[in-house]
Amino acid sequence: MYLHLLGPVGISDEGHHVNPRSTRARGLLAALAVKPNEVVPDDVLIGRIWDDRLPENPLDALYTCAKRLRKAVGEVATGECVVRRRGGYELRAEPLAVDVFRFRRAAQQAARAAAAGNHTRARELYAAALSLWSGTPLADVIGGWAERTREVLHRERLAVQLAEARICLRLGRHATTVARLDELAADHPTDEGIGALLMLALHRSGRRAEALGVYTRTRRHLVEHLGVEPGGELRELHRRLLRGDASLDRPENVLLGA
């Protein structure tokens, strides 16, 4: 059995995929799957599923929700997976059956490979981590807890995307890295780390004028939306591009986290 949180919430086995029909059941699955093999207290689950819009009988509603989830899980798994414990519920599952934990493990392995100088292996592992995403995490779960969890996961994904971009620049994959960083810059126009990596990728692709244009655009967004000037690292990169600093072409020079 595999549990999917990095997109629509669902359960699958080798050839069958199920999305619980009930929004609340999907919320319960997500709330349990982030802590597999741990008892999550009733009050925590109720808060995550219903926020402050509590049903008339919260414990009865939670019981009904768990019953629906068991039915959905039963379509792809044998044995009892959603277990009632004193004061809460537990999801019996291997942590690596949950895509979030596989994503984190691959990212950690990639970071270790990069630190050991095995950049090709690091790129493969970063790519494997990112391939586990199938859209917005917890896409079909509502509520404040789900939104906060999405924000955390989005930050983790962005960190991995930037780490992969640095590795790709070390490996000389400048052109493909430009396309990925362009998308990230559009989504995060005031992120100086993304802007710097995009400038470097463009420069190494022979697109110096466009690299300088990224600085101008990033600075404008920072001033207009945050009321601040670019930080010292981005300004220094801009100066080095203007004076044609040859050291920017060295593969090991990837800036911001190198």
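The values are calculated or read from the model by the stated rules, or taken from the named source; none is laboratory data. The structure displayed is predicted, hence computed values, not measured ones. Every residue, glycine among them, receives a Cβ derived from its backbone with ideal geometry; neighbour counts consider all protein chains shown. When the accessible area is computed, the model is the full protein with side chains, heavy atoms only, and any ligands, DNA or RNA have been set aside. Shrake-Rupley method; radii C 1.70, N 1.55, O 1.52, S 1.80 Å.
General remarks:
- Residue match in segment 145-153 (condition: open to solvent by 50 Å² or more (accessible area, probe 1.4 Å), in a helix (DSSP H, G or I), within 30 Å of HIS17 (Cβ to Cβ) and aliphatic (A, V, I, L, M)): yes
- Of everything listed in (1) outside any loop (DSSP other than H, G, I, E, B); (2) touching a residue at least 12 places away in the same chain (Cβ under 8 Å); (3) under 28 Å from the mean Cα position of the chain (by Cα), the single unmet condition for PRO251 is (1).
- Those residues of segment 42-78 which are assigned to a helix (DSSP H, G or I), open to solvent by 40 Å² or more (accessible area, probe 1.4 Å) and under 22 Å from LEU3 (Cβ atoms), in sequence order: VAL44, ARG48, TYR63, THR64, LYS67, ARG68, ARG70, LYS71
- For segment 1-41, a residue qualifies if it is of a type in the set (Val, Ile, Thr) and either open to solvent by less than 30 Å² (accessible area, probe 1.4 Å) or at pLDDT 95 or above (or both), and the qualifying residues are VAL9, ILE11, VAL18, VAL34, VAL39, VAL40.
- Residue check: LEU132 meets all listed conditions (1) closer than 30 Å to LEU171 by Cα; (2) open to solvent by less than 10 Å² (accessible area, probe 1.4 Å) but one, namely (2).
- Test: residue in segment 171-186 that is touching a helix residue (DSSP H, G or I) at 6+ places or on another chain (Cβ under 9 Å) and more than 26 Å from ARG104 (Cα to Cα): yes
A quick yes/no check of all residues on (1) over 30 Å from LEU54 (Cβ atoms); (2) of a type outside the set (D, E, K, R); (3) at pLDDT below 95:
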{"site": "ARG70", "(1), (2), (3)": "no, no, yes"}
{"site": "GLY79", "(1), (2), (3)": "yes, yes, yes"}
{"site": "GLY88", "(1), (2), (3)": "no, yes, no"}
{"site": "VAL98", "(1), (2), (3)": "no, yes, no"}
{"site": "ALA128", "(1), (2), (3)": "yes, yes, no"}
{"site": "LEU138", "(1), (2), (3)": "no, yes, no"}
{"site": "ARG148", "(1), (2), (3)": "no, no, no"}
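- Residues that are open to solvent by less than 10 Å² (accessible area, probe 1.4 Å) and over 17 Å from ARG235 (Cα atoms), drawn from segment 175-222: THR177, VAL178, LEU181
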